[in-house]
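Heads up, the thing below is written out as structure tokens.
The values are calculated or read from the model by the stated rules, or taken from the named source; none is laboratory data. Nothing here was measured: the structure is a model prediction, and the numbers come from that model. So basically every Cβ, Gly included, is an ideal-geometry build from the backbone, and we count neighbours across all protein chains shown.
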Amino acid sequence: MTPEERLSLIKEVGEEIIEENELLELLKNKKKLIAYDGFEPSGRMHIAQGVLRVINVNKMVKAGCKFIMLVADWHSWANNKLEGDLDKIHIAGEYFIEIWKACGMDTKNVEFVWASDLLDNKEYWKTVMQIATKSTVSRIIRCCQIMGRDEKEQLYASQIFYPCMQAADIFHLKADICQLGMDQRKVNILARELGEKLGYWKPIIVSHHMLMGLSEPPKTNESAKERAITLKMSKSKPETALFMDDSEEDVKNKIKKAYCPEKQIKENPILEYYKYILFERYKKIEIERPEKFGGNIAFNNYQDLEKAYENGSIHPADLKSAAAKYINELLEPVRKHFSSGEQKKLMEKVKSFRVTR
């Protein structure tokens, strides 16, 4: 692919790119870019972390990037996930990797790096301290959003280290591109601002969309960016999230109860599934409808589906029914992967852990 074609593919992943012109220059001058994302092993995996993450990572790989997935075990420990039990966190990390393999991540071109393996390098801690000495406490607290925290929450001292470590990760993984969610934007901006001052570089930020939770959105006056983070799917609200290990009936029941107002296309979580997941995995999607309403109707792209829903040609119940059907198809390989043997034992262990926030 040409640099422009590679950029076009990366733009399918990035809801926001900082900065696009810098990215194009890198694509022209560096054959193999390193992109990274980090994840906290913190219990079960929801569909945004699973299927959607696979879609985006595979696009980055297709665009010519080497992708590093950082298993942020120490970050998870610092953030008191899974009761701050590092052994449980490690087990959850292995579980996440197995799920990604089962649902089609291009693991030949993805390297999994454990954060704990970076810690023996004294240069890593030197970078952490450099970032800390050039950042005010108030600036670091504003970055607490990356941990799923609010600025007004009482934080533990360990959580103050977290943003400094995450910014240092970027440089010690030699990442050209920070390809994380919009909720991680603030710490990536911190790394861009400090990179050259510390003798490194300004990483490119390619922030992907945050998939909505299934409940009705709260009414707030937040900015569009902040609101997207508020609405994101969260495992701390299990009734509003689809998990990669949900049963077929679980998926049907959660989708059936989901917020999906008739003719409303804005902030509609069911339509988000179609836009960001289903039309990425299916060339054609068929919605079953009663004969008296015109019978079944098929769509080759999301835009046509959205128009049909907005004009009332598709009822919410029919939209939900089809969504549940296709999502269950996507989750079936994962269910089979964890149906027996060591994989089943691994899943059962993780599901038995008490999730802490």
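Output the number of the condition that GLU262 fails; it satisfies all remaining conditions of (1) closer than 23 Å to ALA323 by Cα; (2) of a type outside the set (S, T, N, Q); (3) in contact (Cβ under 8 Å) with a residue 60 or more places away in the chain. Result: GLU262 passes all but (3).
If you go through region 286-309 and pick out every residue that is surrounded by fewer than 21 Cβ atoms within 10 Å (Cβ to Cβ) and either closer than 23 Å to GLY14 by Cβ or touching a residue at least 40 places away in the same chain (Cβ under 8 Å) (or both), you end up with 4.
Within region 52-75, is even one residue among the aromatic types (Phe, Trp, Tyr) and touching a helix residue (DSSP H, G or I) at 6+ places or on another chain (Cβ under 6 Å)? Scanning region 52-75 turns up at least one residue that is among the aromatic types (Phe, Trp, Tyr) and touching a helix residue (DSSP H, G or I) at 6+ places or on another chain (Cβ under 6 Å). Within region 284-308, the residues that satisfy the criterion of being over 13 Å from TYR274 (Cα atoms) and in contact with a helix residue (DSSP H, G or I) (Cβ under 9 Å, 6 or more places away or on another chain) are GLU288, ARG289, PRO290, PHE293, ILE297. Checking each residue in region 102-117 for being over 21 Å from LYS32 (Cβ atoms) and either touching a residue at least 40 places away in the same chain (Cβ under 8 Å) or touching a Lys or Arg at 6+ places or on another chain (Cβ under 8 Å) (or both) picks out ALA102, CYS103, GLY104, TRP114, ALA115, SER116.
Conditions tested, residue by residue: (1) in a strand (DSSP E or B); (2) touching a residue at least 60 places away in the same chain (Cβ under 8 Å).
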| site | (1), (2) |
| --- | --- |
| ARG6 | no, no |
| GLU12 | no, no |
| GLU16 | yes, yes |
| GLU22 | no, yes |
| LEU27 | no, no |
| ASP37 | yes, yes |
| PRO41 | no, no |
| LEU52 | no, yes |
| ILE55 | no, yes |
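Against the conditions (1) outside any strand (DSSP E or B); (2) under 24 Å from LEU211 (Cβ atoms); (3) touching a Lys or Arg at 6+ places or on another chain (Cβ under 9 Å); (4) not aromatic (Phe, Trp, Tyr), GLU83 satisfies every one except (2).
Pairing each residue of region 133-160 that is modelled with pLDDT under 85 with any residue that is part of a helix (DSSP H, G or I) and of a type in the set (Asp, Glu), provided the two are 6+ apart or on different chains, yields C-beta distances under 9 Å for GLN145/ASP183; GLN145/GLU226; ILE146/ASP183; GLY148/ASP183.
None of ILE68, ILE99 is under 15 Å from the mean Cα position of the chain (by Cα), surrounded by 19 or more Cβ atoms within 10 Å (Cβ to Cβ) and either part of a helix (DSSP H, G or I) or without any contact (Cβ under 8 Å) to a residue 60 or more places away in the chain (or both) except ILE99. In contact (Cβ under 8 Å) with a residue 24 or more places away in the chain, more than 19 Å from MET69 (Cβ to Cβ) and over 22 Å from the mean Cα position of the chain (by Cα): does that describe TYR124? No: the conditions fail for TYR124. A single member of VAL350, VAL334 is buried (at least 19 other Cβ atoms within 10 Å of the Cβ), outside any loop (DSSP other than H, G, I, E, B) and modelled with pLDDT under 95, and it is VAL350. Only one of the numbered conditions (1) within 30 Å of LEU173 (Cα to Cα); (2) modelled with pLDDT of 95 or more is not met by MET233, and that is (2). Tell me whether region 12-35 contains one or more residues that are under 30 Å from LEU346 (Cα atoms) and either outside the structural domain of HIS75 (by TED's automatic domain parsing) or in contact with a strand residue (DSSP E or B) (Cβ under 6 Å, 6 or more places away or on another chain) (or both). There is at least one residue in region 12-35 that is under 30 Å from LEU346 (Cα atoms) and either outside the structural domain of HIS75 (by TED's automatic domain parsing) or in contact with a strand residue (DSSP E or B) (Cβ under 6 Å, 6 or more places away or on another chain) (or both).
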